Ligand SMILES: Cc1ncc(C[n+]2csc(CCOP(=O)(O)OP(=O)(O)O)c2C)c(N)n1
Ligand code: SF4
Ligand SMILES: [Mg+2]
């Protein structure tokens, strides 16, 4: 069969990936540089009997996708910094009530309304810690248009598998990039759907987890009554103030992600094991890093690139392993240095870790990374 | 489609294990809850046919006492969550239970746009004229100059008329009554449940613990009597001067229009989209 290849925007590929994953519902509020996601969703979803809802703000948008997912649909939204900030409380709701959904953040320069049309990767810590309370979270980050498509399918799969929100941390450079994208077909990829409880249970406990720490989910109108709860609750979905029940819930919500890191963490390695100098990065910065590695190799330096496709949970153990024996590590980011802190925590003390940072609304260039590489080499 | 032929009892909805409820003596919420269950019974609606979405507040605790599909969400956001549920699962009856804070103050924007969208959801607003859960602070429906725990010298802000707002914004069914007029609560909820489009039922409810205590109405019967005295049927409004209507609760049906609900409109959009796809 001939492969379906299309030349398209990263933001458009995000929608195509969502559709392949089975999404039928989008709710959003337009914002640069994510609006093409909403526009394509509004074209495509009604054609397949799905729904595009333009809500009154981003608080309503995330609330609506949570509702749609509870109603039985696979649902997503797309936004950028200001909207991502508004969504935080209800991302916490999706975590606590265990509602699968995907939140796309095509990052732009901040804080506040910042540089609306310019790229940044400065929401990556907000993705981890933006909402109050103890929790873990899954965040993926695409570096190519193809990854906008492929990782979006993964984002939905993980949301369904772990009953949680998944944050899709794109950025303006990738969202507005035009590249060839292979539109894979249904039978080429694995599609995961939320787990259902077995039939004929005497009583269904909405928050009673199986051994994988994930409770089966029920759609209203089926054999069992559903219960979803934003407050600390027991297995019945009733609010509780018992310290034992509270600890059990918080720990399970955390562990269902942290204990499945092997399944959730995805990365790409470019000469990672044999290199002397390692560049660790994610999203839009990867493109500059890979070019920098090629140019540095021409200069006789041995440079590898580790691309984190999963940023959260952070692959600390793996980075700790792979960085052993390296002469230096460089962490390029379009921010003042956020993920570098995680890298430093993971890397053995003696190895120098330097950042290559841009926070002026311009994308990182290979030259800037090579410059920092020079500094590391001369240390 | 609710299965109207099925016999259901309102008691099927009651989660006995959590009773007695935790609302204060004299609180109106028990009356509103029971009226809702009676309306379910009358409408032939079984627990599995309905999704009850609650926000945060004393009224938002109502789902604790229910067997139904229940979704307890963040403060002010019950309506957009209910919207998503209804669109994804249109055969469900979706009803959002919200306080005056939940529905009209922090959630005011969603109330306007849910009304305008005319989304096929029932909003059951229990308006106790203040924030009960957090200790009786003023809300956007607290009557002008009333005393609350954050307006000791009187609330300087005039109250919002939730029904008029919703009606103006486009809701196709809007009605108001009070806990004193208990039979009307059930009747209006019943009308709302069989209505297509956004339907809002506002019930003014006594909160003797806070609003009452701060405003010389701390005894429950006293507050009920006050609700009765303050109520004016909508039919009488045209005969009264603005002065006579001040701080009154106008009760009755504000809007009951047949027409296009969001879901019926969206089905049309979907068929247009499919036609375009086929002609491509
Ligand atoms: C975002 C947010 N802000 C504030 C609160 C605190 N809070 C909880 S309930 C409530 C007011 C509830 O008032 P209302 O909706 O009228 O319900 P009532 O308790 O009067 O029934 C407030 C302010 C909260 N939970 N979330
Ligand atoms: S504080 Fe007021 S609203 Fe809350 S339960 Fe008590 S009487 Fe009812
Ligand atoms: Mg209130």
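Per residue of B:50-63, other chain Cβ atoms within 10 Å of the residue Cβ number 2 on average. The calculated FRET efficiency for the pair residue B:258 and residue B:42, based on their C-beta separation and a Förster distance of 30 Å, comes to about 0.90.
Legend: calculated FRET efficiency, residue B:109 to residue B:168, from the Cβ-Cβ distance at R0 = 22 Å, rounded to 0.05, equals 0.90.
Across chain A, the mean sequence separation of Cα contacts (distance under 8 Å, 6 or more residues apart), normalised by length, yields a relative contact order of 16 percent.
If you take the square roots of the eigenvalues of the alpha-carbon gyration tensor of the stretch B:1-147 and sort them as a ≥ b ≥ c, do you get rounded (a/c under 1.5), prolate (a/b over b/c) or oblate? Taking the square roots of the gyration eigenvalues as a ≥ b ≥ c, the stretch B:1-147 is oblate. To the nearest ten degrees, helix B:108-117 and the longest principal axis of the Cα atoms of chain B are 40 degrees apart. Distance between Cα centroids, the stretch B:263-280 to the stretch A:307-325: provide it in whole Å. Going from one Cα centre to the other spans 47 Å. With contacts taken as Cα pairs under 8 Å at a separation of at least 6 residues, the stretch A:5-188 carries a relative contact order of 30 percent. Note on the stretch A:189-288: Kirkwood radius taken over Cα pairs, Stokes-Einstein applied at 4 °C and 1.567 mPa s, translational D equal to 76 µm² s⁻¹. Across peptide A:216-224, the average count of Cβ atoms from other chains found within 10 Å of a residue's Cβ is 4.
Relative to the longest principal axis of the Cα atoms of chain A, the long axis of helix A:35-44 lies at roughly 50 degrees. What translational diffusion coefficient, in µm²/s and rounded to a whole number, does the Stokes-Einstein relation yield for chain B at 4 °C and a viscosity of 1.567 mPa s, taking the hydrodynamic radius as the Kirkwood radius over Cα pairs? In µm²/s, the coefficient is 68. Need the C-alpha centroid separation for the stretch A:333-374 versus the stretch A:168-203, integer Å. Centre-to-centre distance over Cα atoms comes out at 31 Å. Considering only B:21, B:72, B:195, give the residue with the highest GNM mean-square fluctuation for chain B, with springs between Cα atoms whenever their separation is below 10 Å. Comparing B:21, B:72, B:195 in the GNM, the peak value goes to B:21. Which value in Å does the Kirkwood hydrodynamic radius of the protein assembly as shown take, with 1/r averaged over all unlike C-alpha pairs and then inverted? The Cα-based Kirkwood calculation yields 26.5 Å. Rounded to the nearest 500, the helix-only mean residue ellipticity at 222 nm of chain B stands at -9500 deg cm²/dmol, with each DSSP H run of n ≥ 4 adding -39,500 (n - 2.57). Counts of other chain beta carbons within 10 angstrom of each beta carbon in peptide A:45-56 average 6.
Just to check, using Stokes-Einstein with a Kirkwood Rh over alpha carbon pairs, what's the diffusion coefficient of the stretch A:5-188 at 37 °C and 0.692 mPa s in µm²/s? Translational diffusion coefficient: 210 µm²/s. The angle between the Cα long axis of helix A:81-97 and the main principal axis of chain A comes to about 50°, on a 0 to 90 degree scale. Under the simplified labelling scheme, the residue A:180-residue A:255 pair shows an inter-label distance of 4.8 nm, with each label point 7 Å from Cα along Cα→Cβ. With each label modelled as a point 7 angstrom along the Cα→C-beta vector, the residue A:345-residue A:85 pair spans 2.5 nm. Summary of packing: across the peptides A:335-341, B:199-205, A:271-277, the per-residue average of other C-beta atoms within 10 Å ranks them, highest first, as B:199-205, A:335-341, A:271-277. A simple packing score, the average count of other Cβ atoms within 10 Å per residue, orders the peptides A:347-353, A:307-313, B:237-243, A:169-175 as A:169-175, A:307-313, A:347-353, B:237-243, with the highest score first.
Across the stretch B:10-279, Cα pairs under 8 Å and at least six residues apart give a relative contact order of 18 percent. Model label points for residue B:229 and residue B:213, set 7 angstrom from Cα along the Cα-to-Cβ axis, are 2.2 nm apart.
Cα centroid separation, the stretch B:53-132 to the stretch B:153-167: 19 Å. Taking every DSSP bridge with both residues inside the protein assembly as shown, close to 25 percent are antiparallel. Highest average first, the peptides A:52-65, B:56-69 ordered by how many other beta carbon atoms sit within 10 Å of their residues are A:52-65, B:56-69. Dimensions of chain A along the principal axes, based on C-alpha atoms and rounded to the nearest Å, stand at 69, 47, 46, largest first. Decide, for the stretch A:105-225, between rounded, prolate and oblate: order the square roots of the alpha carbon gyration tensor eigenvalues as a ≥ b ≥ c, take rounded if a/c falls under 1.5, and otherwise choose prolate if a/b is larger than b/c, else oblate. Oblate is the answer for the stretch A:105-225, as a/c is 1.5 or above yet b/c matches or exceeds a/b. On the principal axes of its alpha-carbon atoms, the stretch B:151-257 has extents of 42, 28, 26 Å, going from largest to smallest.
With n ≥ 4 as the cut-off for DSSP H runs, can you work out [θ] at 222 nm for chain A, using -39500 (n - 2.57) per run divided by the number of residues, rounded to the nearest 500? Roughly -11500 deg cm²/dmol at 222 nm, from the helical runs in chain A.
Read-outs throughout are calculated quantities, based only on the coordinates presented, and are distinct from any laboratory measurement. Note that this is a predicted model, so its numbers are computed, not measured. Reconstructed Cβ throughout: ideal geometry from the backbone, glycine too, with neighbour counts over all protein chains shown.
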